[in-house]
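The structure appears below as structure tokens.
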Amino acid sequence: MLGPVILAASRSDRMRRLVSATPVTRPVVDRFIPGETVDDIVPIIRSLTDQGLELTMDVVGEDITTPAQAEAARDAYLELIDRLGPLDLGTRAEMSVKLSMFGQALDGGHELALKNVRPVVEAAAEAGTTVTLDAEDHTTLDSMFAIHEELRKDFPQTGCVIQAYLFRTEADARRLADSGSRVRLVKGAYKEPAEVAYQQRHEIDKAYVRVLRTLMEGEGYPMIGSHDPRLISIAQELARTAGRKLDEYEFQMLYGIRGDEHLRLAAEGHRMRVYTAYGTDWYGYFMRRLAEKPANLRFFARSMVSKG
Ligand SMILES: Cc1cc2nc3c(=O)[nH]c(=O)nc-3n(C[C@H](O)[C@H](O)[C@H](O)COP(=O)(O)OP(=O)(O)OC[C@H]3O[C@@H](n4cnc5c(N)ncnc54)[C@H](O)[C@@H]3O)c2cc1C
């Protein structure tokens, strides 16, 4: 029951100010968001790639309120791509972006987000890598899929995310699989109403398997975004049945969660990509990580009590 409460708090400005200003928060945040600047993150990128892992980089920030902030988001990604150049990682380091951070919720937001994200996709392509559009709450998805389709006309490798908890996702998966797209499948991290989304874990897991089968049997490139051991074995089985080779799909997990499993899958020869977030506006991202596992919240609360 704690998860939905934390997700509601993740949208509260009062909670944002309270949690962000608490000095003891930072060590707990570091587990999931291991840096605030490009200088902090480059050594982490080196260390992860040296261990045979691949990355998808997220500059944290969402719910922005001005066009200038959207441009700052674009520039932060451009700076990152520029700094990655000398590391020559190609597709081993791709970008994940949230369109809300590029202005999607502002006036004229759809066009604004497309205008701001395009230079990032172009710069990524020039650097030999690509971009994946994260999935946010369900009200943003028609715009996200339209931007994805538009970008794919020039940059077919642009990926997007679909969420197993949404009823719409099976149809989205069929369309994306038919069009040969790169697609990350996740369970879904937002608080969604029963009119649009499964609410029970077992229903979400069953939907995940149905959608994953569609992706594996389709023309695209499936990216399995989950830490769930049962879904990971099912994914391996579905890939085998669909006759996919090891480089025809990949696993993705979040930095700070099940690190041993990242290394185990990479050692088995799988492509294993770690979603690595950094930046100063970490509140929304951090609260979703707390909501996914209430034990994280207890750990966070204990560290506040013991150090505060
Ligand atoms: C690479 C990647 C990208 C993502 N992108 C998006 C996106 O664009 N949109 C979106 O809505 N969601 C996204 N998510 C989040 C996703 O929707 C889930 O909320 C999250 O992955 C937890 O679900 P799970 O599949 O890991 O399964 P769960 O059943 O939640 O977790 C399985 C096991 O993993 C471990 N675990 C999971 N989460 C945590 C945590 N926070 N802290 C500690 N341990 C944990 C626990 O051991 C747990 O038992 C992404 C997830 C990944 C891995």
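The table for this structure:
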read-out	value
Residues of region 176-195 that turn out to be within 17 Å of G159 (Cβ to Cβ), away from the ligand (no atom under 11 Å from the Cβ) and of a type outside the set (A, V, I, L, M, F, W, C), as a count	5
Any pair with Cβ under 9 angstrom, 6 or more apart, that starts in region 189-201 at a residue that is free of Cβ contacts under 8 Å to residues at least 40 places away in the same chain and farther than 14 Å from E292 by Cβ and ends at one that is aromatic (F, W, Y) and within 11 Å of the ligand (Cβ to nearest atom)	Y198/Y165; Q199/Y165
Residue in region 49-61 that is nearest to the ligand (Cβ to nearest atom), counting only those that are open to solvent by less than 20 Å² (accessible area, probe 1.4 Å) and under 17 Å from the mean Cα position of the chain (by Cα)	T56
Number of positions in region 209-238 that are near the ligand (Cβ under 9 Å from one of its atoms), of a type outside the set (D, E) and assigned to a loop (DSSP other than H, G, I, E, B)	2
Qualifying positions in region 62-83 - open to solvent by less than 60 Å² (accessible area, probe 1.4 Å) and either touching a helix residue (DSSP H, G or I) at 6+ places or on another chain (Cβ under 7 Å) or of a type in the set (V, I, T) (or both)	E62, I64, T66, A70, A73, R74, Y77, L78, L80, I81
Every residue from region 270-280 that is crowded, with 19+ Cβ neighbours inside 10 Å and not small (G, A, S)	H270, R271, M272, R273, V274, Y275, T276, Y278
Candidates K191, K206 - the one that is surrounded by fewer than 18 Cβ atoms within 10 Å (Cβ to Cβ), out of contact with any Gly (no Cβ under 6 Å at 6 or more places or on another chain) and assigned to a loop (DSSP other than H, G, I, E, B)	K191
Scan of region 12-48 for residues that are in a loop (DSSP other than H, G, I, E, B), aliphatic (A, V, I, L, M) and more than 22 Å from the chain's Cα centre (by Cα), ordered by number	V24
Among residues of region 239-269, those that are open to solvent by 20 Å² or more (accessible area, probe 1.4 Å) and either without any contact (Cβ under 8 Å) to a residue 24 or more places away in the chain or away from the ligand (no atom under 11 Å from the Cβ) (or both), counted	17
Residue among A76, A68 that is without any contact (Cβ under 8 Å) to a residue 24 or more places away in the chain, of a type outside the set (D, E) and part of a helix (DSSP H, G or I)	A68
Any hit, region 292-305, residues being among the charged types (D, E, K, R), over 30 Å from K191 (Cα atoms) and assigned to a loop (DSSP other than H, G, I, E, B)	no
Any chance L114 is of a type in the set (A, V, I, L, M, F, W, C), farther than 30 Å from E268 by Cβ and at pLDDT 95 or above	yes
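Here's the yes/no breakdown for (1) open to solvent by 30 Å² or more (accessible area, probe 1.4 Å); (2) farther than 22 Å from L215 by Cβ; (3) out of contact with any Asp or Glu (no Cβ under 7 Å at 6 or more places or on another chain); (4) not small (G, A, S):
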residue	(1), (2), (3), (4)
S96	no, no, no, no
M101	no, yes, no, yes
Q104	no, yes, yes, yes
K115	yes, yes, yes, yes
A123	no, yes, yes, no
I162	no, no, no, yes
L176	no, no, yes, yes
R182	no, no, yes, yes
L185	no, no, yes, yes
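The values are calculated or read from the model by the stated rules, or taken from the named source; none is laboratory data. Bear in mind the structure is a predicted one, so any value in this text is a computation, not a measurement. So basically every Cβ, Gly included, is an ideal-geometry build from the backbone, and we count neighbours across all protein chains shown. To get the accessible areas, we keep the full protein, side chains included, count just its heavy atoms, and leave off ligands, DNA and RNA. Shrake-Rupley method; radii C 1.70, N 1.55, O 1.52, S 1.80 Å.
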